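For reference, the structure discussed in these notes is given below.
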Amino acid sequence: MSVRKPFVGGNWKINTYLETGRALGREVVAGCEGIDDVEVAIFPPIAYVLPMAGVLGKADSKVLLGAQDCYPEPEGAFTGEMSASQVADCQATVVLVGHSERRHVIGEDDALINRKVLAVLAQDALTCMLCIGETLEQREAGQTDVVNESQLRAGLNGVSPTQLDRLIIAYEPVWAIGTGRTATPEDAQNAHARCREVLGELFGPDQAQAIRILYGGSVKPGNARELFGQPDIDGGLIGGASLKGEDFLAIIEAARS
Ligand code: 13P
């Protein structure tokens, strides 16, 4: 039995509007009432983080509020961006960094992602969820573990052991995101176990045992329980299925022990 509390995040990407997001947020909050054995977070589009803080705050809910990204600089001339302290000021407490769409659609590299990780962790109120994962081409070339290792080592460069209780890893194979193709539980477990070994090499085995590693990529109510049942899979980061309250709540239920 894992000592790590499962975590399920709903990444809404650029879906929902103010009212549809509020309604979805209320549905998640109501469905999570009384659930203490799973940590749940929603990651609305950045424009709606503060309005969602109103929804979660009003219901006095334990559902965490997250941001999908932030910029590494604290302030200044960076048009269109938002700093980690501004994200925290909008009452988000978790920030995704290095999501595959940031890496492969927007073009972020490991150096920028590392600066973001450090900027998020520099804010005591924020938890950083570093996302990693291989492309289909890399997988077919047998590079899954190599890619994960290099993204972990580069992304976590300079992270202090004292910050690790505010770090979560999300392994999301790029070819599984939004495609309906999921890693088999065995393949996902193998990748997670290797990630934990790398975390052990970086921070020590005890620390590595305490860090949650989530799986993401076409997680649905029908496959969540088997994935989350693997010893090194500590929950999930959910895209499409998090936009339907019923499905997201069923996935949260699947993470319960
Ligand atoms: P899907 O669940 O839609 O595959 O998206 C996964 C994801 O990218 C979560 O961050």
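Net charge of the neighbourhood of ILE113, taken over other residues with C-beta under 11 Å away and scored Lys/Arg +1, Asp/Glu -1, is 0. Residue exposure proxy: PHE78, PHE43, PHE7, ordered by other Cβ atoms within 10 angstrom of their Cβ from fewest to most, comes out as PHE78, PHE7, PHE43. 3J(HN,Hα) along segment 221-232, derived from phi through the Karplus expression 6.51 cos²θ - 1.76 cosθ + 1.60 where θ = phi - 60°, amounts to x, x, 10, 5, 4, 5, 5, 5, x, 6, x, 9 Hz, with x in place of Gly and Pro. Calculated on the alpha-carbon coordinates, the convex hull of segment 58-101 measures out at 95 cubic angstrom per residue.
Cβ crowding within 10 Å, taken as a proxy for footprinting-reagent exposure, orders HIS99, HIS104 from fewest neighbours to most as HIS104, HIS99. Highest-first packing order for the peptide set 24-32, 247-255 is 247-255, 24-32, based on the mean count of other beta carbon atoms within 10 Å.
For ILE35, neighbours were defined as the other residues whose beta-carbon sits under 10 Å from its Cβ, and their charges (Lys and Arg +1, Asp and Glu -1) total -3.
For a straight C-alpha distance cut-off of 13 angstrom, the aspartates and glutamates reachable from LYS220 (same-chain residues fewer than eight places away being disregarded) are GLU246, ASP247, GLU253.
Look at where the Cα atoms of segment 1-45 and of segment 178-257 average out, and the two centres are 15 Å apart. At full extension, ALA193 and LEU18 could sit 59.1 nm farther apart than now, given 0.36 nm per residue minus the alpha carbon distance. With the simple model of a label 7 Å out from the Cα in the direction of the Cβ, ASN157 to LYS244 spans 4.3 nm. Partners of LYS58 within straight-line reach, counting lysines whose Cα lies under 26 Å from its Cα and excluding those fewer than 8 residues away in the same chain: LYS5, LYS13, LYS244.
Would you list which aspartates and glutamates come within 13 Å of LYS116, measuring only between C-alpha atoms, while excluding same-chain residues fewer than 8 positions from it? By straight Cα distance, LYS116 reaches ASP69, GLU73, GLU81, GLU108. Taking amide hydrogens as placed 1.01 Å from N in the peptide plane, the amide H of SER83 sits under 5 Å from those of TYR71, each at least 5 positions away in sequence or on another chain. Segment 111-140 and segment 58-72 have Cα centres lying 17 Å from one another. Among GLU81, GLU101, GLU134, sorting on how many other beta-carbon atoms sit within 10 Å of each Cβ, with the fewest leading, yields GLU81, GLU101, GLU134. Note: relative contact order over segment 1-68, using C-alpha pairs below 8 Å and six or more positions apart, is 40 percent. Counting 0.36 nm for each residue step from GLU226 to GLU73 and taking away their Cα separation leaves a gain of 51.1 nm.
By the Kirkwood approach, averaging reciprocal distances over each pair of separate Cα atoms, the chain gets a hydrodynamic radius of 18.0 Å.
Full extension of the chain between LYS62 and ALA30 yields a length gain of 10.5 nm, computed as 0.36 nm times the residue separation minus the alpha carbon distance.
Since every read-out is calculated from the coordinates, none of them should be taken as a lab result. All of these numbers come straight from a predicted model, not from anything done at the bench. When we count neighbours, we look across all protein chains shown, and the Cβ atoms used for this are built from the backbone with ideal geometry, even at glycine.
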